[in-house]
Structure formats: structure tokens, C-alpha cells
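Engineer: Please see the structure below; I have some questions.
The values are calculated or read from the model by the stated rules, or taken from the named source; none is laboratory data. Because the structure is predicted, anything quoted here is derived from the model rather than measured. Ideal geometry is used to build each Cβ from the backbone, glycine not excepted, and the neighbour counts take in all protein chains shown.
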Amino acid sequence: MAAPKKLQTDYIKNICYYQQHQKPPVPPTPVPATKWYEDPFIADPVNGGCHKDEIVMIHEINGKTYGECMPTLYGDNSDCPKPPGMEKLWLSAYDVLMDKRTDSYACTVECSDSYNHACPKGGVCMNAPDVVRNDRVKNVCLYEQPAPAVARVQQLRQNINNFQANFHYEDPFWSSHVAYCTGSQEKPMQYDGLDEYWACMPKTFGRENKCYQDYPAGTTATPMPIFMDDVTDPKETIIRCALVCSGAATGICGPRAECMILPGLAQAQVGVCMYKKK
């Protein structure tokens, strides 16, 4: 190439250049699908399970079982939900005719043009089976069914989670060092002055602010709407229930729980079942 003027002489007119090497682009990290297009074998390792607005589609490919969760469409103006990582992974979602008689459609994740044929975490980009193939769908993201031993472990974990979710007011540290609750409409809460103690407190229901009565085994404390939650929604105070074990009601707390007298109500000796952080 032509030499810069400051380097040119009677003998130097052109010089050799070397192009600077560019760092290779960092590949995007696949994200797991949670709301749509999730792995059906997480909910049910044997038969597959999806959210209520999705259908489970099972494919047998080369002696292996694959599955996908396909969001259903309602009406002519429905659009397919965006797949996770659509912008970073360059994924697409297209509708597929599922039943000509009812003119019903469902959505699948198309990965022909995705980055290195990437899919949501755990998924594999494969040739689209005939049942979902059309002019726009050539390759789709599928999830392989786990081996039987892995499936049994996943099912056991799911059963444990379901068992723990069968009641409210559970130990927020039963499976983690971070406070976490599994009951419906329930969140881990704490009182000022009791920084090391937490309790799972469900939101009241009904006009009369009723409390769930499904507390852990061995508990005789009374669920009462006693906690005012102004953190979850700054615009509205949410009334939550706690297990009252002293003062307004008396009873025994469940395993590992302690009856803690509330600092603001110490004179009335009002106590609530709380769990100390592990």
C-alpha cells in the first residue's frame, strides 16, 4: 500500500501493512426458558409438562425422545410470544398449524438463523419434525428427555418441592441460606428489631382478610392477619398472615421456629413464630 508522506523517500513509495487482529466476538450466553417454550421434562420427566396456555409436543427422533412446549394462539390476530434470548441469540418464533379441522395454531422456536444454532439453555437446534415443519420452520429448538435415572432424581426433587408447597408458614431456610417461600401468595418477611429472624407470610384472602390454615405439622399457633407489608407494593399496604403464638393467641410453633415477642408490641406480649437465619 502507499506509504504515508512522512515515510516516503526517493526509495520508499509503497510499504507492507499488517491488519490489526480483532478479538473474536464473545458468544452470547443462552438463557433458560421459564414462561414460554420451556423444557417440558423439568415439570414432568416422563410425559412432559408445560404451562396451561401451552401444549406438550413429543417427538421421537433416531430412537430418542425430544419435547417442546408450544404456546397456543387464539384468534386471527394472535402473535407468537418472543422466545428468550430472541435479540442476543437471533431466535425466531413462528406459528404452526396443529389441527386443520379446528384451525388451531401453536408456536415453535425457529433456530435456523440463530447464533451458532443456539437455543434457550438446555435446548438443541434440530431439523424440524414433519408435524411442525412448514415454509418458515426448518429447524427448531427441542429438549431431550433425560435418562431414566436422571428422570427419577428430577421427579424426586419435584415431589419434595410439591410437598413443601402444600402448606404455608414453612421454614424459609429449609432449602437455602437465603429466605425463600413456596406457598401461594407468600413471601419471606421480617420485623424491625428482629434482623436475624424471618417468617413466610401469605397474603390474606377474601373481604374479611382470612388466613390460610395449612401450617406445618406440630404447630398449634394461630394464623392471624397481623403483618402490614408496605414494601412489596409501595402504592398499597398488603395485609399478611403470621402464626401468633403469644398475646392475642397462644400456641406452639413448628420445628425450628421460635416464638418471638414483637418489639413494637412487647407490652402486650404479642409473639409470632419466626425462623432464625441459618
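Conditions (1) small (Gly, Ala, Ser); (2) modelled with pLDDT of 90 or more, marked per residue:
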residue	(1), (2)
CYS16	no, no
GLN19	no, no
ALA33	yes, no
MET57	no, yes
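Engineer: Within the bounds of the stretch 54-62, is there any residue that is out of contact with any Gly (no Cβ under 6 Å at 6 or more places or on another chain) and in a loop (DSSP other than H, G, I, E, B)? Break it down into steps so the answer makes sense when it comes.
Structural biologist: Filtering the stretch 54-62 for residues out of contact with any Gly (no Cβ under 6 Å at 6 or more places or on another chain) gives 54-55, 57, 59-62.
In the following step, the residues that additionally are in a loop (DSSP other than H, G, I, E, B) were identified as 62.
Within the stretch 54-62 (the criterion being out of contact with any Gly (no Cβ under 6 Å at 6 or more places or on another chain) and in a loop (DSSP other than H, G, I, E, B)), the answer is yes, since at least one residue qualifies.
Engineer: If you take the residues of the stretch 209-244 that are touching a Lys or Arg at 6+ places or on another chain (Cβ under 8 Å) and of a type in the set (D, E, K, R), which of them is nearest to SER184 (Cα to Cα)?
Structural biologist: Taking the candidates together, the pick is ARG240.
Engineer: Enumerate the strands (runs of 3 or more DSSP E) found wholly within the stretch 100-216, keeping only those where 1 or more residues are within 17 Å of ALA257 (Cβ to Cβ) and at pLDDT 85 or above.
Structural biologist: Values: elements: 104-110, 124-127, 139-144, 186-189, 197-202.
Per the criteria, 186-189, 197-202.
Engineer: Tell me, which residue of the stretch 247-275 that is outside any strand (DSSP E or B) and touching a Pro at 6+ places or on another chain (Cβ under 8 Å) is surrounded by the fewest Cβ atoms within 10 Å (Cβ to Cβ)?
Structural biologist: First, pick out the residues of the stretch 247-275 that are outside any strand (DSSP E or B): 247-256, 262-270.
Next, only the ones that are touching a Pro at 6+ places or on another chain (Cβ under 8 Å) stay: 254-255.
On the way: GLY254: 19, PRO255: 11.
Restricting to residues being outside any strand (DSSP E or B) and touching a Pro at 6+ places or on another chain (Cβ under 8 Å), the top hit is PRO255.
Engineer: Could you check, for the stretch 232-246, whether at least one of its residues is free of Cβ contacts under 8 Å to residues at least 12 places away in the same chain and either under 25 Å from the mean Cα position of the chain (by Cα) or surrounded by 19 or more Cβ atoms within 10 Å (Cβ to Cβ) (or both)?
Structural biologist: Looking only at the stretch 232-246, we keep the residues that are free of Cβ contacts under 8 Å to residues at least 12 places away in the same chain, and these are 233-237.
Retained after the next criterion (residues that are either under 25 Å from the mean Cα position of the chain (by Cα) or surrounded by 19 or more Cβ atoms within 10 Å (Cβ to Cβ) (or both)): 233-234.
So far as the stretch 232-246 goes, yes, one or more of its residues are free of Cβ contacts under 8 Å to residues at least 12 places away in the same chain and either under 25 Å from the mean Cα position of the chain (by Cα) or surrounded by 19 or more Cβ atoms within 10 Å (Cβ to Cβ) (or both).
Engineer: On to the next question. Among ALA221, ALA268, which is among the small types (Gly, Ala, Ser) and modelled with pLDDT of 90 or more? Step through it out loud before you land on a result.
Structural biologist: Numbers: ALA268 fails: modelled with pLDDT of 90 or more.
ALA221 is the lone residue from the list that is among the small types (Gly, Ala, Ser) and modelled with pLDDT of 90 or more.
Engineer: Sticking with this one: Is it true that ASP195 is surrounded by fewer than 17 Cβ atoms within 10 Å (Cβ to Cβ), touching a residue at least 12 places away in the same chain (Cβ under 8 Å) and among the acidic types (Asp, Glu)? Spell out how you get there, then give the answer.
Structural biologist: Values: surrounded by fewer than 17 Cβ atoms within 10 Å (Cβ to Cβ): yes; touching a residue at least 12 places away in the same chain (Cβ under 8 Å): no; among the acidic types (Asp, Glu): yes.
Criteria not met by ASP195.
Engineer: Which condition from (1) modelled with pLDDT of 90 or more; (2) closer than 19 Å to ARG207 by Cα is the one that GLU236 breaks?
Structural biologist: The number of the failed condition is (1).
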